[in-house]
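See structure below.
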Amino acid sequence: MKNMKKLLVCGLLLLVGVKGVAQVQENVISELVLLNVRTGEEKSILRQTRHFEAPNWSREGDYLLINSGGQLEKIDLSGGSLGLVQEGIISTVNNDHGLSFDGKTLVYSKNEKGLGSRIYTVPLEGGTPTLITPNYPSYWHGISPDGNFLTYCAQREGKWDIFRVPTQGGEEVRLTTEEGLDDGPEYSYDGQWIYFNSHRTGRMHLYRMKGDGSGQEQLTFDELDNWFPHPSPDNKSLVYIAYLEDQKGSHPFGKDVKLRILDLATRKSRDLTPVFFGGQGTINVHSWSPDGEWIAFVRYAKI
C-alpha cells in the first residue's frame, strides 16, 4: 500500500507544502452525538457547519476532545467550547489522539511535512511534546492501562502492521505479521488484550491478541466491513463502526455506516444505530464514558 493511500485511510490527507495542515472536508455539517449503549438514548450536543472528528471522553467524564482542522478542542457535555488544547504547541494532528488511563498524558499522531504521521506525548496540563516514534508513518491508537506501552499502526518495509513501544520511547516491537492492513489497536481496560481490525482475510474484521502479539483470534465473520473496536470499561463488549459495503481495506469519509456492539461472551453483535452518513472521523479513537454507559461519535450531513 502506498504512503499516500495510508494518509487517506488512517488519517486526514496531508497537504504537501502548506505547513503540514490536514485537509478538512468542505460543505459538511458535523454532529457530535452521545449515545447510551444500554437504552439507545441519543443526545445531540453540537451540530455545526464545519468538519470535526474523533471524539474522546475525558477520564473524569466532564468533557470531550475533538479534532478540527488539525487542532484539538475541548467540548463540554452541553456542546460548549472550552477552547483549544495547547494552542500554538499542538497542531496538524490527525484523528488518532487520546488520553492515558490516569488522564495525565495526551497522546497524538501528527502529520509532518515531508514525513507523514509520527506519534507524540505531552502532559495534558501543558509542556513540551515528546517524539515517541522517529520512524514514520506511525498512527497511534492505544495506551496500556499501566501507562507503560503505546500501540499503533505503522508502515515498515512496505507492510502495515501493529507495533508496540514504551511510552517514554525506545525500540518498537512488531506485533502482527499477516498480509494485509492491521489497524486500530486498543488495549482492554484490564490490559489482557489488544483489540484491532485486520484485512488479512480480504475483508475487514475485528480481532484480538495478547499484549505480546500472541493468541491472535478473529472476532467477527459477517459481510460488513468492521473497523476500530473500542473495548468497554467493564471488558465485556466492543463498540465499532461497520461499513455496509466492502471498502477494499480503506475507511473513507462519507459512506453508509452504523455503530454496532459485540458481546465478548456470546460473540454476537447488535446494531446501536440506524445507518447514517459517516466513516472516517466518526469513531476512530476510544470514546467510552468512564462509567461505561455512553459513547461519543460524529455523524455528518452534506450541505
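The values are calculated or read from the model by the stated rules, or taken from the named source; none is laboratory data. In this text the structure is predicted, and so the values were computed from the model without any measurement. Please note: Cβ atoms are built from the backbone with ideal geometry, for glycine as well, and neighbour counts cover all protein chains shown.
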*Working carefully through the options Gly126, Gly61, Gly103, Gly70, find the one that is closer than 23 Å to Gln280 by Cα and touching a residue at least 40 places away in the same chain (Cβ under 8 Å).*
Gly70
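Going by what's in this entry, would Thr176 be described as in a loop (DSSP other than H, G, I, E, B), touching a strand residue (DSSP E or B) at 6+ places or on another chain (Cβ under 6 Å), at pLDDT 95 or above and not hydrophobic (A, V, I, L, M, F, W, C)? Steps first, answer last, please.
Details: in a loop (DSSP other than H, G, I, E, B): yes; touching a strand residue (DSSP E or B) at 6+ places or on another chain (Cβ under 6 Å): yes; at pLDDT 95 or above: yes; not hydrophobic (A, V, I, L, M, F, W, C): yes.
Here the answer is yes, as Thr176 does meet what is asked.
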*Any chance Thr176 is touching a residue at least 40 places away in the same chain (Cβ under 8 Å), out of contact with any helix residue (DSSP H, G or I) (no Cβ under 8 Å at 6 or more places or on another chain) and polar (S, T, N, Q)*: yes
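Please work out which residue is surrounded by the most Cβ atoms within 10 Å (Cβ to Cβ), limiting yourself to region 59-88 and to residues that are of a type outside the set (S, T, N, Q) and touching a His at 6+ places or on another chain (Cβ under 9 Å). First the steps, then the outcome.
Here is the first cut: in region 59-88, the ones of a type outside the set (S, T, N, Q) are 59-66, 69-70, 72-77, 79-80, 82-85, 87-88.
Still in the running and touching a His at 6+ places or on another chain (Cβ under 9 Å): 65, 69, 72.
Working: Leu65: 24, Gly69: 18, Leu72: 20.
Selected residue: Leu65.
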*Asn56 fails exactly one of the following numbered conditions: (1) in contact with a Phe, Trp or Tyr (Cβ under 8 Å, 6 or more places away or on another chain); (2) crowded, with 19+ Cβ neighbours inside 10 Å; (3) within 26 Å of Gly191 (Cα to Cα); (4) at pLDDT 95 or above. What is the number of that condition?*
(1)
_Long-range neighbours under 8 Å by Cβ, at least six apart or interchain, first residue in a strand (DSSP E or B) within region 204-227, second of a type in the set (Lys, Arg)_ = Glu217/Arg208; Asp225/Arg203; Asn226/Arg260
_Within region 89-129, tally of residues that are in a loop (DSSP other than H, G, I, E, B) and surrounded by fewer than 21 Cβ atoms within 10 Å (Cβ to Cβ)_ = 17
*Can you name the condition, by its number, that Glu41 falls short on among (1) in contact with a strand residue (DSSP E or B) (Cβ under 8 Å, 6 or more places away or on another chain); (2) in contact (Cβ under 8 Å) with a residue 60 or more places away in the chain?*
(2)
